[in-house]
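Derivation of every value follows stated rules applied to the coordinates shown; laboratory data play no part. Keep in mind it's a predicted model, so treat the numbers as computed, not measured. Here Cβ is always computed from backbone atoms with ideal geometry, including for glycine, and neighbour counts include all displayed protein chains.
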Amino acid sequence: MSYFVIGYYALLLAVSCLAAFYNRRSVFLLAFSLTLVSFVLGIVGGVGALKAVAICAGLLGLTAMVSYAFREFLIALAPIETAKELRTAPLTAAFGMFVIFTYAIAGIFAPWIAPFGEAEVISSAFAPADENMLLGADQLGRDMFSRLVFGARNSVGLALTATIAAFVLGAGAGLLAATKGGWFDQFMGRFADVIMSIPSLIFALLMLSIFGPTTPVIIIAVAIIYAPRVFRLTRAVAGNVVVMDYIEAAKLRGEGTGYLIRREILPNSMAPLIAEFGLEFCFVFLLVAGLSFLGLGIQPPTADWGSMVRENATLISFGDITPLIPAAAIALLTVGVNFVVDWMLHRSSGLKE
Amino acid sequence: MGDILGLVGKRLGLGLVILFIISIIIFFMVELLPGDIAQAVLGQGATEENLAAMRKEMGLDQPAIVRYLGWLAGAVQFDFGSSIVTGKAVSAIIGERFVNTLFLAAYAAVIAVPIAIILGVIVALLRNSIFDRVANVATLTSISSPEFFLAYILILYFSIKWGMFPSNAKISDGMTLADLLYRTFLPALTLVLVVVAHMMRMTRASIISLLASPYIEMARLKGAPPWKVIVKHALPNAWAPIINVVALNLAYLITGVVLVEVVFVYPGIGQALVDAVSKRDFPVVQACCLIFAATFILLNLAADVGAILTNPRLRHPK
């Protein structure tokens, strides 16, 4: 028994007892079940496993603190109405916002943040990290950290453009179908059914094999694949709005379709559409990352997270985690966006329990 | 009973129609190529005679409709022509690989489905507790991670640091089942992680919306014990959503398998597709796409049919 193990259990038990004493039920349950799990882990994995748990808990605590501070920061800066909303955000959503904020900064100011250019060869292949290169070099000797920063601009930018394209197409068609109705509505509905019954990755691969993996093709392909999903939702949301009395009144006033969509229907179906935008962005981002991992995304030498994983994958067999970093960057952003979307959906649905 | 058969038949017919339209899309998409297939295969430097000979050999001198009908007739009999890169029959290339892919997907499904449903129900019963919240964060994280991220993490720990499982899922004939299961454990585990997260969330959502319905409230109010509320009142109505969740996620497995196969160098149809795409081997791409789409539609169909069979309300559409 080392001091670490004794301290570890003492801390956990102290936290559980304190929580139980002060009637904090959820904290108690969490702490005590962690204690029980730790018994098993300690027996199976030894001190190493317990240390890993401690490190994870420490990281989690750090993340929670960052999220809390960031939420307070936003509340302090935001106007009163928004601040009120922000107060209801759980820590996970605050964490998501923090991640999105960080990525946005990295993407926008990439050339100033990154110490080297994205295609600049500065050392030997797979050079280890030193004070010059934070994360070492990649397979051609380019600085991993700089490429990661530029990747925020390229990968996220591509996914964002593609999502916006899908949204403009899908939401536009959905709103039009809801207002017009009739054969246009029917036709678009069936068309969406057909597109949605092809698996997205397969459809993307088919289109890329034919038109070649260039950036415009990727954007158009993704837009075609995801527009039907957006169309479905917009059609459903707008369908509920269209039957309202004020729409009837506007129609009787003699307003045209354009006015109806812009001034009456869109403002009343905005909330679910924004949440959907976040969700779609996650799907698109994962799809594009998958494509570039397969070598069919943004072409080299442009830095792109998916292809960075593939190019450095050989390092994994030496137990080096470098290839995991861009993959983690992808996962982190998707997790962050999902957390924010989760909170928004929760808020707008009013929680059905 | 005739009622049900009619509904199922109608749904099957719709599935066939969609599959037919998809075959049209897949075939005529290649026609959109700048130039034509012969040009794409031979490249810019090809002479006129070579191009003409190639076109003749591939039947490109015939109108597209005729070629489409020929291709469709072949596809129905699992004959997709021959690869333009190796010249081998496409069905020979992908036949065995398709079985491998189905094996991997089934392996993952057998592990994932029971775990996911049990966990999903537990989380739904414990909703709003700390476990529910932890599970929510964990599943969201798992869903949000790209498959290759999970796959490389598993390789790093299970195969390189701890040396428990091989990172390369190469399989050959004549391997015993136990050996096969051992070799393909990591790819299957990757798929399990993603699919369990999806399935758990969907199961949780459908069980919660079920538990919120008035007849459950009624059963509770009349004093039925909690297990009886679940088993006798909730479960019969829960089958339809659960079957739906399972079928949809199996359909999801079919796509997820592509990336996982590439990471683990598993000889499945997904890898054949990716290879063919980078070599621009169109007959193979078309065949793989058609097979994937057909499987996808079939599973969605199974979900609908299962829902119709278990839920009498769906048998009488308004």
Neighbour cut-off at most 14 other Cβ (10 Å), DSSP loop, trypsin sites (Lys or Arg not before Pro), the stretch B:138-218: B:Lys170
Calculated P(r) tail over 28 Å for chain A, as whole % of Cα pairs: 59 percent
Pair B:Ala106, A:Leu134: separation of 7 Å Cα→Cβ label points (nm): 4.9 nm
Inter-label distance, nm, simple model (7 Å from Cα along the C-beta direction), A:Ile321/A:Arg25: 3.7 nm
Cα-based Kirkwood hydrodynamic radius, the stretch A:215-353, one decimal, Å: 18.0 Å
Over the stretch B:90-315, relative contact order from alpha-carbon pairs under 8 Å, at least 6 apart, %: 29 percent
For A:327-335, mean number of other protein chain Cβ atoms within 10 Å: 5
Kirkwood Rh and Cα Rg combined as Rg over Rh, evaluated for the stretch A:3-61: 0.98
Helical contribution to [θ] at 222 nm, DSSP H n ≥ 4, -39,500 (n - 2.57), averaged over chain A, rounded to 500: -25500 deg cm²/dmol
Cleavage-rule hits (chymotrypsin sites (Phe, Trp or Tyr not before Pro)) in the stretch B:160-258: DSSP loop, at most 12 neighbouring Cβ within 10 angstrom: B:Trp162
Net charge dipole size for the stretch B:90-315 [Lys, Arg +1 and Asp, Glu -1 on Cβ; Debye, nearest 20]: 840 debye
Those lysines that a straight Cα-Cα span of less than 27 Å connects to A:Lys51, excepting residues fewer than 8 apart in one chain: B:Lys161
Over the stretch B:79-194, volume per residue of the alpha carbon convex hull, in Å³: 157 Å³
The stretch B:90-315: C-alpha pair distances exceeding 22 Å, %: 58 percent
Neighbour cut-off at most 14 other Cβ (10 Å), DSSP loop, trypsin sites (Lys or Arg not before Pro), the stretch A:290-353: A:Lys352
Computed Kirkwood radius, in angstrom, where 1/r is averaged over Cα pairs of the stretch A:151-290: 15.8 Å
Length released on extending from B:Gln62 to B:Thr176, taking residue separation times 0.36 nm less the Cα-Cα span: 36.2 nm
Translational diffusion of the stretch A:46-110, µm² s⁻¹ [Kirkwood Rh, Cα pairs; Stokes-Einstein; 10 °C; 1.306 mPa s]: 118 µm²/s
Top of B:Gln286, B:Gln271, B:Gln77 by mean-square fluctuation, Gaussian network on chain B, Cα under 10 Å: B:Gln77
Where labels lie 7 Å past Cα in the beta-carbon direction, separation of B:Ala73 and A:Ala14 in nm: 8.3 nm
Total formal charge among the other residues, if their Cβ is under 14 angstrom from that of A:Ala223, Lys/Arg +1 and Asp/Glu -1: 0
Residue-averaged beta-carbon neighbours from other chains (10 angstrom radius) around B:134-145: 5
R0 of 25 Å, Cβ-Cβ distance A:Tyr3-B:Tyr157: FRET efficiency to nearest 0.05: 0.35
Nearest-0.05 FRET efficiency for B:Ser209 and B:Ala52, computed from C-beta distance (R0 51 Å): 0.20
Quarter of the Cα convex hull surface for the protein assembly as shown, i.e. its orientation-mean projected area (nm²): 37.9 nm²
Cα long-axis angle, helix A:144-180 against chain A (0 to 90 degrees, to the nearest 10): 30 degrees
